[in-house]
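So the structure is just underneath, and the comments pick up after that.
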Amino acid sequence: MMNEDLLSLVKKLNNIKNLEELEEAKELGNSFLRKEKRQALLTLLSISEEMGKEEIVESLKELSAFLENMHEVKE
């Protein structure tokens, strides 16, 4: 099921007619991203006891390397 915040953002983006509405959409998008980041951090914290610090750090290093590689490929 799609997130209601995401649906609202998509609807707002599809209906932009001027710069003021673009700024409103930008603010809504930033709010959406903040909520998603908080949720991701809470999820990570909730599984941290099961995974352990080393496994989390290693996973983050692997993800970071993957993202760097993806960035290099685009250039």
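Consider region 23-46. How many of its residues are modelled with pLDDT of 85 or more and either hydrophobic (A, V, I, L, M, F, W, C) or on the phi > 0 side of the Ramachandran plot (or both)?
Qualifying residue count for the region: 7.
Which residue out of L67, L9 is open to solvent by 60 Å² or more (accessible area, probe 1.4 Å) and in a helix (DSSP H, G or I)?
Unique residue meeting the criteria: L67.
Of all residues in region 17-53, how many are among the hydroxyl-bearing types (S, T, Y) and in contact (Cβ under 8 Å) with a residue 12 or more places away in the chain?
The total comes to 1.
Need the failing condition index for I16 against (1) among the hydrophobic types (A, V, I, L, M, F, W, C); (2) at pLDDT 90 or above; (3) open to solvent by 100 Å² or more (accessible area, probe 1.4 Å); (4) not in a helix (DSSP H, G or I), just the number.
All conditions are met except number (3).
Considering region 44-64 alone, what residues qualify as being open to solvent by 100 Å² or more (accessible area, probe 1.4 Å) and of a type in the set (D, E)?
Once the filter is applied, which keeps residues that are open to solvent by 100 Å² or more (accessible area, probe 1.4 Å) and of a type in the set (D, E), region 44-64 yields E49, E50, E54, E62.
The values are calculated or read from the model by the stated rules, or taken from the named source; none is laboratory data. As the structure is a prediction and not an experimental result, all values here were calculated from the model. As a convention, Cβ positions derive from the backbone with ideal geometry for all residues, glycine included, and neighbour counts pool all protein chains shown. Just the protein is used for accessible areas: all its heavy atoms, side chains included, with ligands, DNA and RNA removed. Shrake-Rupley method; radii C 1.70, N 1.55, O 1.52, S 1.80 Å.
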